[in-house]
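The values are calculated or read from the model by the stated rules, or taken from the named source; none is laboratory data. Note that the structure is a prediction, hence the values are computed from the model and not measured. Using ideal geometry, Cβ is built from the backbone for each residue, glycine included, and neighbour counts are taken over all protein chains shown. Calculation scope for accessible area: heavy atoms of the full protein, side chains included, ligands and nucleic acids excluded. Shrake-Rupley method; radii C 1.70, N 1.55, O 1.52, S 1.80 Å.
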Amino acid sequence: LAAMHSLAEDCAARCVLGPDTAIEIESIDETNTRVDVPAILARLRASDGGGLVCLVGVQTNQYPRALDLARPFRAANVPVVIGGFHVSGCLSMLDGHAVGLDACREMGVTIFAGEAEGRLETLLRDAYAGVLAPVYDFLKDLPVMQRTPVPFLPVRNVARTLGLTAS
């Protein structure tokens, strides 16, 4: 989450959606914060530019919950992307249809496999243009890590963790 937050902050600072389009970022760690889906949907409906929900770092044991979170957003026509070990591992080691990935496809959830460094801006531009691909597969294309932003979360995200740290 910290890595994705800093990548998103970098995209916002670089105005990757254009000089007149601000990117607002809200990072939520469900291990210590309740995800208030109705409130998030209300904020997205009230915004001029819509939004994108990214479920990041999703481990296999978290995948069913990620789908539960994705359902109401997709029902409201909000684009959703799921990334992390589960989807990356399934695409890398299995046939790509195993362990529930078809549920993403059926709901219209985008699957992001691999690392987001240097690629998040493409995903954001596609989402903003309404042309998200079903799958972004960067498993065989390792990113260049030089000049990558240092993982960071605002204090509000880590205030409920032991020692104000996060992974």
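Structure values in brief
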item: Where N is the number of residues in the stretch 89-151, Cα Rg divided by 2.2 N^0.38 Å; result: 1.24
item: Inter-centroid distance (Cα atoms) of the stretch 4-23 relative to the stretch 105-142, Å; result: 16 Å
item: Heavy atoms of SER92 accessible to a 1.4 Å probe, total area in Å² rounded to 10; result: 80 Å²
item: Translational D in µm²/s for the stretch 19-167 (Stokes-Einstein at 4 °C, 1.567 mPa s, Kirkwood Rh from C-alpha pairs); result: 79 µm²/s
item: Computed [θ] at 222 nm, helices only, for the chain once each DSSP H run of length n ≥ 4 contributes -39500 (n - 2.57); result: -11000 deg cm²/dmol
item: Calculated diffusion of the stretch 17-60, Stokes-Einstein form, Kirkwood radius summed over Cα pairs, 20 °C and 1.002 mPa s, µm²/s; result: 173 µm²/s
item: Estimated FRET transfer efficiency (GLU121, GLU30; beta-carbon r; R0 25 Å; 0.05); result: 0.45
item: Cα Rg over Rh - the stretch 14-94, Kirkwood; result: 1.01
item: Spin-label pair ARG71/ALA159, simplified geometry with 7 Å Cα→Cβ offset, distance in nm; result: 3.2 nm
item: Pairwise label distance in nanometres, ARG14 with ASP141, each label 7 Å out on the Cα-Cβ vector; result: 1.5 nm
item: Size of electric dipole in the chain: Cβ of Lys, Arg +1 and of Asp, Glu -1, about Cα centre, debye, nearest 20; result: 260 debye
item: Amide H within-cut-off set for VAL135, under 5 Å, with H built and near neighbours excluded; result: ILE111
item: Cα gyration tensor shape of the stretch 50-95, rounded if a/c is under 1.5, else prolate or oblate by comparing a/b with b/c; result: prolate
item: Lys/Arg +1, Asp/Glu -1 at C-beta; the stretch 1-142 dipole; positive extreme among ILE23, LEU139, ALA70; result: ALA70
